[in-house]
């Protein structure tokens, strides 16, 4: 996964999230205020809730980290992003085929290509679509769901993605992502 931008957050949330990132892998918590913040750069597919692809290695390129696990809880508002980048000698089709069944544990699996649905399912029963504009643009390490091939499962508020970042003749770079978006306070 290349660079995906984070969901649009309120200014205080952005400040708190930025502070956590500057503190590195140190979890922060303010018990009396009901606020918790964390940032960690050692996430894996297991942290996303998916199995590791057989033989794949965590992959760091010159522009992107291997993985990220960050988020915040502030009252009823929660945000979490977990992502890990991998490299395998297998094809993109083999990677996507492997992850179909594990993703199905989180709901219908939606296949997307360049931000458009592929196959019969264009929107899951829970409302998940191929578009990233449901709650703001979510991008992780340069990877954008509007480009390339991916599988998605979950709900518009909480979902998992397996996305092909780069396919070359003898290797495939892919990422696994978990996103939990804050509740839409405007709908209350």
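The values are calculated or read from the model by the stated rules, or taken from the named source; none is laboratory data. Keep in mind that this is a model prediction, so the values were computed, not measured. So basically every Cβ, Gly included, is an ideal-geometry build from the backbone, and we count neighbours across all protein chains shown.
Being closer than 22 Å to residue 182 by Cα, at pLDDT 95 or above and surrounded by fewer than 19 Cβ atoms within 10 Å (Cβ to Cβ): is that true of residue 49 here? Full working, then the answer.
Numbers: closer than 22 Å to residue 182 by Cα: yes; at pLDDT 95 or above: yes; surrounded by fewer than 19 Cβ atoms within 10 Å (Cβ to Cβ): yes.
Judged against the criteria, residue 49 is a match.
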Within the stretch 101-150, how many residues are in a loop (DSSP other than H, G, I, E, B), within 22 Å of residue 43 (Cβ to Cβ) and at pLDDT below 50? 7
